[in-house]
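The values are calculated or read from the model by the stated rules, or taken from the named source; none is laboratory data. Just so it is clear, the structure is predicted and the values come from calculations on it, not from any experiment. Cβ sites come from the backbone with ideal geometry, for glycine too, and all protein chains shown count toward neighbours.
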Amino acid sequence: MTAALLDTFGRAATDLRVSLTDKCNLRCTYCMPAEGLPWLPAPELLTDDEIVRLVEVAVSLGVRTVRLTGGEPLVRPGLTGLVARLAPLVELSLTTNGLGLTRLAQPLAAAGLRRVNVSLDTLRPQRFLDLTRRDRWSEVVEGLAAAVAAGLAPVKVNTVLMRGVNDDEALELLDWCLERGYELRFIEQMPLDPQHSWDRAVMVTAEEILEQLSAHHTLTPAERGHAPAEVWLVDGGPARVGVVGSVTRPFCGSCDRIRLTADGQLRTCLFAREESDLRSALRAGATDAELAVRMQAAVRGKKAGHGINDPDFLQPSRPMSAIGG
Ligand code: 5AD
Ligand code: SF4
């Protein structure tokens, strides 16, 4: 048995996204209804011990990087302790909406967290309130500054542009990030919302974004590697900007990631329709070797691509917040 997570298309999974909770303290309109979602029952969530154990097994199979996600990972109690246990095992990063970073950036960095991606879709507090249904724009902005101060470098900003909502801000967001030394990444909106209201026509495409930015900045392609973002040097660099064209420029052929949901299900793609129930195996007393075999079997079932552009595409039954962003 080779100690790797290989699929039938020759890809090796080396990056694991671990969702720590499906809960969130914002209610972004494209992600959740105002009232929230039926949260996972607490007993179904993996404990810290269970997460550490599964990450150890994944590491024995070649996983080298772990990104903590949610929901909103900063709302998980005891996060700093979990980070301190995971950091010696893998290169650790985290995706957050930024709320709570003013308090947590420093302890998380001290516990071994390397980097953060902070989601911010607008520079206008009123628009932030409309988009997230919470009046907390300045806390996010303060959180970004706290991340830099804590040495979590590079600090990246994730932005989803939506037509008629915030698509007039691409350039402002880039200039704002450039001034502060943040690396901006635009993400094409994907069909992952529980309301099933995704509309291809509302999605702002990678091409449109690049067109807007190129009108004011010189963009030259930078090294991409396995990262989903296509990255450009801005005005000769070293500043960079990324665009994740998940829908119009899919990168499935070089995908190296898999996902563990907060309730212990292994998924080989955001858009997978199948999950492997590692939590049940774990709680039934599976050995590390048995868990490894399960992980390998799941990864062998990884599909060639997400299929968003296929006529028979079906959205996954879980929303993004319950899968992990
Ligand atoms: N499409 C693209 N990105 C999304 N995010 C949430 N829902 C979607 C979607 N449907 C983003 C968030 C955050 C990251 C975790 O994923 O804005 O930046
Ligand atoms: Fe929370 Fe992220 Fe969903 Fe917004 S997109 S509601 S920040 S999980």
- [ ] Assess whether R17 counts as being within 17 Å of Q296 (Cα to Cα), within 15 Å of ligand 1 (Cβ to nearest atom), outside any loop (DSSP other than H, G, I, E, B) and modelled with pLDDT of 95 or more.
- [x] yes
- [ ] Would you mention how many residues in the range 68-81 are surrounded by fewer than 24 Cβ atoms within 10 Å (Cβ to Cβ) and either touching a residue at least 40 places away in the same chain (Cβ under 8 Å) or within 16 Å of ligand 2 (Cβ to nearest atom) (or both)?
- [x] 4
Task: Check on A111, more than 16 Å from ligand 2 (Cβ to nearest atom), closer than 30 Å to E169 by Cβ and in contact with a helix residue (DSSP H, G or I) (Cβ under 6 Å, 6 or more places away or on another chain) - done: no
TODO: Give me a count of the residues in the range 310-325 that are touching a residue at least 60 places away in the same chain (Cβ under 8 Å) and either surrounded by 16 or more Cβ atoms within 10 Å (Cβ to Cβ) or more than 15 Å from ligand 1 (Cβ to nearest atom) (or both).
DONE: 9
Task: Of all residues making up the range 182-220, the number that are away from ligand 2 (no atom under 16 Å from the Cβ) and either more than 23 Å from the chain's Cα centre (by Cα) or of a type in the set (S, T, N, Q) (or both) - done: 12
Task: Meets criteria (crowded, with 22+ Cβ neighbours inside 10 Å, more than 18 Å from the chain's Cα centre (by Cα) and either of a type in the set (D, E) or over 20 Å from L46 (Cα atoms) (or both)) for L104 - done: yes
Open item on the list: Looking for something assigned to a loop (DSSP other than H, G, I, E, B), farther than 18 Å from L26 by Cβ, away from ligand 1 (no atom under 11 Å from the Cβ) and in contact with an Asp or Glu (Cβ under 8 Å, 6 or more places away or on another chain) - is there at least one such residue anywhere in the range 120-140?
Closed with: no
Task: Single condition G151 does not satisfy, out of (1) more than 19 Å from L233 (Cα to Cα); (2) within 16 Å of ligand 1 (Cβ to nearest atom); (3) assigned to a loop (DSSP other than H, G, I, E, B) - done: (2)
Open item on the list: Any residue at all in the range 220-227 that's at pLDDT below 90 and in contact with a Leu (Cβ under 8 Å, 6 or more places away or on another chain)?
Closed with: no
Task: Residue list for the range 162-184, filter: in a strand (DSSP E or B), among the aliphatic types (A, V, I, L, M) and out of contact with any Leu (no Cβ under 6 Å at 6 or more places or on another chain) - done: M162
Task: Breaking point among (1) within 16 Å of ligand 1 (Cβ to nearest atom); (2) of a type in the set (S, T, Y); (3) surrounded by 15 or more Cβ atoms within 10 Å (Cβ to Cβ); (4) more than 23 Å from E169 (Cα to Cα), for S276 - done: (1)
- [ ] Quick one: count up the residues across the range 171-206 that are acidic (D, E), touching a residue at least 24 places away in the same chain (Cβ under 8 Å) and more than 17 Å from R240 (Cα to Cα).
- [x] 2
TODO: Would you point out the residue of the range 1-52, among those that are within 16 Å of ligand 2 (Cβ to nearest atom) and free of Cβ contacts under 8 Å to residues at least 24 places away in the same chain, that is surrounded by the fewest Cβ atoms within 10 Å (Cβ to Cβ)?
DONE: E35
TODO: For the range 58-111, enumerate the residues that are assigned to a loop (DSSP other than H, G, I, E, B) and either of a type in the set (A, V, I, L, M, F, W, C) or under 15 Å from V155 (Cα atoms) (or both).
DONE: L61, V63, A87, L89, V90, N97, G98, L99
Open item on the list: Kindly evaluate L99 against the criterion of being within 30 Å of V202 (Cβ to Cβ), away from ligand 2 (no atom under 13 Å from the Cβ), out of contact with any Leu (no Cβ under 6 Å at 6 or more places or on another chain) and modelled with pLDDT of 95 or more.
Closed with: no
